[in-house]
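Worksheet: one structure, shown below.
Every read-out reported here was derived from the displayed coordinates using simple, explicitly stated rules and does not represent laboratory data. A quick note: this is a predicted structure, and the numbers were derived from the prediction, not measured. Glycine also receives a Cβ, built like all others from the backbone with ideal geometry; neighbour counts cover every protein chain displayed.
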Amino acid sequence: MEAASLRTDMEVRDVLLALKKSANRDQVAIRHIPAAQVTDLLEALNEFEPNIVHFSGHGGEAAVLFDNKHPDDDGGMEVDFDLVNEIVSATATPPRLLVFNACDTLDGADIFLDTVEAVVAMSNSIGDAAACFFAAQFYSALVSGQSLEAALKQGKIVLKAAKLPDADLPSLIGATGVKPSSLIFI
């Protein structure tokens, strides 16, 4: 798993700007945790009880990188999906949706479907620009009351319109019996 620098700050900014334009912005609360460590995720799940958990960072091989508390080491701490699933399910009210806006996070993501209703993940390596464009439109659509399925389509359309080669990477998987066309968060 490569640990090169990412522009997650741009992604956060773009998402916040998109949500600020939404008529439903007052119905949404966002908690941004930069340089998140495993304990930060546990604390946020306990305190905030989010409907959606969004991971923006490095991923691959059924794992994601969390911060490792070592400022001189930018490699991070690799946390496999088994442990991430344990973390997410170790709360009385797990989130409904996990979004992995990180490279190669689709393989193995089905492990989460016993815990959450749906997962959005990337089927290959996604560039920073594509991750930013996708996230901004995806959340703009969700906050506008669109279904999860429609929000995913809109995120992909923005990538196609920008002529980015990553338009087919965002993927959606749902738990048995969950209809992404009926899953609405606002």
Out of all the residues in segment 126-143, is one or more under 15 Å from the mean Cα position of the chain (by Cα) and either in a loop (DSSP other than H, G, I, E, B) or over 24 Å from MET10 (Cβ atoms) (or both)? yes
Does ASN101 count as without any contact (Cβ under 8 Å) to a residue 60 or more places away in the chain, polar (S, T, N, Q) and in contact with an Asp or Glu (Cβ under 8 Å, 6 or more places away or on another chain)? no
Does segment 17-30 hold any residues that are surrounded by fewer than 10 Cβ atoms within 10 Å (Cβ to Cβ) and touching a helix residue (DSSP H, G or I) at 6+ places or on another chain (Cβ under 7 Å), and which are they? none
Determine the pairs where a residue that is closer than 16 Å to CYS103 by Cβ, located within segment 154-178, has a partner that is among the charged types (D, E, K, R) with Cβ atoms under 8 Å apart, the partner being 6 or more residues away or on another chain. LEU159/ASP166; ALA167/LYS156; ALA167/LYS160; ASP168/LYS156; PRO170/LYS156
Of all residues in segment 149-186, which are in contact with an Asp or Glu (Cβ under 9 Å, 6 or more places away or on another chain), buried (at least 17 other Cβ atoms within 10 Å of the Cβ) and not aliphatic (A, V, I, L, M)? LYS156, GLY174, PRO180
Based on what the data block shows, is LEU83 out of contact with any helix residue (DSSP H, G or I) (no Cβ under 6 Å at 6 or more places or on another chain) and more than 25 Å from GLN154 (Cα to Cα)? yes
When you scan segment 79-96, do you find a residue that is closer than 22 Å to ASP14 by Cβ, among the aliphatic types (A, V, I, L, M) and surrounded by 22 or more Cβ atoms within 10 Å (Cβ to Cβ), even just one? no
If I go through segment 112-123 residue by residue, how many of them are in a loop (DSSP other than H, G, I, E, B) and under 21 Å from TYR139 (Cα atoms)? 3
